[in-house]
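What follows is a single structure, written as structure tokens, with notes after it.
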Amino acid sequence: MVPLKRRKVVSSGAGSAGSDDVTSPTRFPQVVLFLLERKMGASRRAFLSQLGGKNGFQVEELCSERVTHVICENNSGEEVRRWLESQVGSPAHLLDVSWFTESMRAGRPVEILDRHKLQEQQINEVEVEAFSTPSYACQRRTTLDNHNAVLTDALSLLAENAELSDEDGRGVAFRRAAAVLKSLPEPVTGLTQLRGLPCLGGHSLRVIKDVLENGASSEVEATKQSERFNALKVLTGIFGVGVKTAERWIRERIVGLQQLQDSEQTLNRAQQAGLRHYEDLNQPVTRAEADAVAAVVEEAVASVLPGARVTLIGGFRRGKLTGHDVDFLITHPEEGREAGLMPKVVSWLDSQGFLLYQKTSRNSYLEAEDGPGRPSSNMDRFERCFSVFKLPEEARRGAEEARRGAEETEPCSSSPAAVSQVKGEGLKPWRAVRVDLVVSPISQFAFALLGWTGSKLFERELRRWAGHEKAMSLSSHALYDNRQSRYLRASSEEEIFAHLGLEFIPPSERNA
Ligand code: CTP
Ligand code: MN
Ligand code: MN
């Protein structure tokens, strides 16, 4: 918090306002006013001083110990108190100008109510370096360069906990608050800098305050210790296991992997694969591994449909260095040629031994039947495939060397897999990697690309912006203008941002 600068009180004329010749005699000897000029401004202060005098109030020009009521406009209690202490020592009533105007109207000093007292959280924008930012994440540029990781980690953990507790509303609130902090150009050092920022509710502010003042949030620390939270994390960390299933298992006293393995629970195919490859799937996928998977997918696609295009999407398109999976969007420049492509790609991959698990769903989106914007349900309507790849060690290493060559960095191999090879542990010559494949017709490609690049919060905010601010419905298939009752076509992401009246934000700045 930055203290109020000392300010010389400039005398606005001869003598004090109280002794001005237009004033009435003092009617309230127990009340001595002082009007603080800063924020109020000299001319308004002079006007109000004169008004006070006319109504029989004593108004002092200089702040002294005689003053009983300090009248301020737009200042915080704390600032004024500090300033007064530096001036005269004992604080009088610190009041908002509303007390003054009401007293003038009443012709007497009105009772001091809570709302008249200066708010502690009000701060002075002139002297505190406050941040400002637009309220939708899709209006902001959020790079991976997060200057407030300690704060955003705390808020993200509470978001995760809310999501694991089926409190999605609270989860989104924490995610939005974290996203605002991620977009700030510098570390936050005091709460006052956050005044006026959007999406920071009372709960998030309490957490931020805790971290700023004590280095940690008690709520976050308690959550980290919570058995339920930890059990939910472990169980939902199994590919194919959602919150509902995890909760059911916890009710049956299954809180860990061993207990699950020893139990009689029947697992579906996805969960069996998830449990079998638990360790691999919970180890972050590196950029080099993503490259290796890309090479395999490109070969598969080229073999079954020459001319089809593969694009890396998801977190890696946003420039992330690691991810929980690798995401690809596949299309063909001739509309319709992409139909039925996924089963062919999948069977090629399977025949080459690259698949440990896959589940393919058909394209079920038809504009004519589905109509505009059912954004959430539309997400799943492309031909898509959730899979677990078996990535051979040599493919991974090849991609890593290629990447190192390209970046001209030191030849040092320190990735976990390489280390375990050196140690002679983990002789398994491959690792499991989660891979998502999506096929879109070229006419929907731009929407699919935008919709699958993320981040999840950025996507959510784009759709909220479209709906609330533009009366449009955005999905990964289309953009519909509700006012004009028509679809807005686009062949690039830039065109979609333009339709939405938003500045174009490149993928690397969508890390909200
Ligand atoms: N997505 C979607 N529908 C789903 C799952 C994901 O539309 N059922 C979209 C989301 O918009 C998300 C993108 O696909 O932004 C990628 O999802 P995901 O792989 O879960 O997240 P990433 O941002 O890639 O993060 P990570 O690096 O952890 O994989
Ligand atoms: Mn991903
Ligand atoms: Mn994914």
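Scanning segment 141-161 for residues that are farther than 27 Å from PHE504 by Cα and surrounded by fewer than 19 Cβ atoms within 10 Å (Cβ to Cβ) yields VAL150, ASP153, GLU160.
What residue, of VAL310, VAL293, is buried (at least 16 other Cβ atoms within 10 Å of the Cβ), among the aliphatic types (A, V, I, L, M) and assigned to a strand (DSSP E or B)?
Result: VAL310 is the single residue among VAL310, VAL293 that is buried (at least 16 other Cβ atoms within 10 Å of the Cβ), among the aliphatic types (A, V, I, L, M) and assigned to a strand (DSSP E or B).
If you check ARG362 against the conditions, is it away from ligand 2 (no atom under 16 Å from the Cβ) and in contact with a strand residue (DSSP E or B) (Cβ under 9 Å, 6 or more places away or on another chain)? So ARG362 fits the description; yes.
Can ARG141 be described as free of Cβ contacts under 8 Å to residues at least 40 places away in the same chain and among the charged types (D, E, K, R)?
Judged against the criteria, ARG141 is not a match.
Screening GLU334 on (1) assigned to a loop (DSSP other than H, G, I, E, B); (2) out of contact with any helix residue (DSSP H, G or I) (no Cβ under 9 Å at 6 or more places or on another chain) shows it passes everything except condition (2). In segment 484-504, the condition of being buried (at least 21 other Cβ atoms within 10 Å of the Cβ) and either basic (Lys, Arg) or under 20 Å from ARG384 (Cβ atoms) (or both) is met by no residue.
Suppose the filter is more than 16 Å from ligand 2 (Cβ to nearest atom), among the aromatic types (Phe, Trp, Tyr) and modelled with pLDDT under 75; does TYR357 pass it? For TYR357, the condition - more than 16 Å from ligand 2 (Cβ to nearest atom), among the aromatic types (Phe, Trp, Tyr) and modelled with pLDDT under 75 - is not met. Within segment 132-162, restricting attention to residues that are under 8 Å from LYS182 (Cα atoms) and in a helix (DSSP H, G or I), the residue that is farthest from the chain's Cα centre (by Cα) is ALA149. Checking each residue in segment 447-493 for being in a helix (DSSP H, G or I), among the aliphatic types (A, V, I, L, M) and away from ligand 2 (no atom under 16 Å from the Cβ) picks out LEU462, ALA466.
If only one of ARG175, ARG206 is within 22 Å of the chain's Cα centre (by Cα), in the same structural domain as LEU151 (by TED's automatic domain parsing) and free of Cβ contacts under 8 Å to residues at least 40 places away in the same chain, which one is it?
ARG206
Listed by first and then second residue, the pairs linking a residue in segment 300-325 that is more than 18 Å from PHE389 (Cβ to Cβ) and at pLDDT 95 or above to a residue that is within 8 Å of ligand 2 (Cβ to nearest atom) and not charged (D, E, K, R), with Cβ atoms under 7 Å apart and 6 or more places separating them unless they lie on different chains, are ARG318/GLY454.
Conditions (1) part of a helix (DSSP H, G or I); (2) over 30 Å from GLU469 (Cα atoms); (3) among the β-branched types (Val, Ile, Thr); (4) at pLDDT 90 or above, marked per residue:
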{"site": "GLU37", "(1), (2), (3), (4)": "no, yes, no, no"}
{"site": "GLN50", "(1), (2), (3), (4)": "yes, yes, no, yes"}
{"site": "LEU62", "(1), (2), (3), (4)": "no, yes, no, no"}
{"site": "ASN75", "(1), (2), (3), (4)": "no, yes, no, no"}
{"site": "GLU79", "(1), (2), (3), (4)": "yes, yes, no, no"}
{"site": "TRP83", "(1), (2), (3), (4)": "yes, yes, no, no"}
{"site": "THR101", "(1), (2), (3), (4)": "yes, yes, yes, yes"}
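Kindly indicate the residue of segment 436-446 that is under 30 Å from LYS390 (Cβ atoms) and either hydrophobic (A, V, I, L, M, F, W, C) or not in a loop (DSSP other than H, G, I, E, B) (or both) and also farthest from ligand 3 (Cβ to nearest atom) among those meeting that condition. Going through the qualifying residues, I end up with PHE445.
Within the option set ARG269, ARG253, ARG248, being outside the structural domain of LEU366 (by TED's automatic domain parsing), at positive phi and either small (Gly, Ala, Ser) or more than 16 Å from ligand 1 (Cβ to nearest atom) (or both) holds for one residue only, ARG253. Within segment 232-244, at least one residue is assigned to a loop (DSSP other than H, G, I, E, B) and either assigned by TED's automatic domain parsing to the domain that holds LEU427 or aromatic (Phe, Trp, Tyr) (or both). Candidates in segment 427-457 are the residues that are surrounded by fewer than 15 Cβ atoms within 10 Å (Cβ to Cβ) and away from ligand 1 (no atom under 16 Å from the Cβ); of these, the one that is modelled with the lowest pLDDT is LEU427.
The values are calculated or read from the model by the stated rules, or taken from the named source; none is laboratory data. In this text the structure is predicted, and so the values were computed from the model without any measurement. Positions of Cβ are generated from backbone atoms using ideal geometry, with glycine treated the same way; all protein chains shown enter the neighbour counts.
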